[in-house]
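First up is the structure itself, then whatever we jot down about it.
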Amino acid sequence: MKPITIILSIILFFAAPNIFAEEPAPSNNPGGNLKLVLTGFDNNKGMAMVALCHSKENFDSGNCGNFPSMMVSTPIKNERVEHIFQDIPFGKYAIRSYHDENGNGELDANFMGIPKEDYGFSNNARGMTGPPKYEKVKFSFHKDNQEMEVEMK
């Protein structure tokens with residue numbers, strides 16, 4: 001796959017209109033609160049856009065669902081974001097995020113498809129020519145009040 005195709009897939013993930021489609025809860029298992037901390041912002045402009053994906057299929061398709069508050073838009077304060085996903089069932093998850101600095105609801109890219117706005121993934125995973133593979137970003141949410149930190153780049 002060409003690098004520009006992969007990079008465009010990142011952009012489409014964040015711009016896809018079906019990203020807020022209703023989906024059932026990942027499971028009825030007990031759960032808890034997951035605290036997400038995003039760091040590395042260059043400024044406080046715009047919003048942080050975050051998707052908490054509950055499966056490989058959701059992560060790969062870009063449709064991470066809308067099980068309560070799986071998609072959030074959060075203000076940036078002091079060049080960081082703290083958000084708590086509440087009452088999330090225990091299981092495997094992956095986080096995608098980007099800095100919507102200009103407020104247009106999209107991850108902006110240059111003419112070659114390279115993102116102009118910062119983005120980050122759980123486990124601080126990076127892809128070589130596009131988004132990292134699900135296996136690199138997935139993590140186990142297994143205890144109440146667990147914390148995940150993502151550095152934006």
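Annotation: region 54-119 has a Kirkwood hydrodynamic radius of 13.8 angstrom, from the mean reciprocal C-alpha pair distance. For a straight C-alpha distance cut-off of 20 angstrom, the lysines reachable from Lys56 (same-chain residues fewer than eight places away being disregarded) are Lys92, Lys133, Lys136, Lys138. Ordering Ile88, Ile114 from the fewest to the most neighbouring beta carbons within 10 Å gives Ile114, Ile88.
Restricting the calculation to Cα atoms, region 91-153 shows an Rg/Rh of 1.03 when the hydrodynamic-style radius is the Kirkwood one.
Applying the criteria of a DSSP loop state and at most 15 other Cβ atoms within 10 Å to the chymotrypsin sites (Phe, Trp or Tyr not before Pro) of region 38-146 yields Phe111.
Rule-based calculations on the coordinates, nothing more; no lab input. Everything numeric in this text was worked out from a predicted model, so none of it was measured. Glycine gets a Cβ as well: all are built from the backbone with ideal geometry, and neighbour counts include every protein chain shown.
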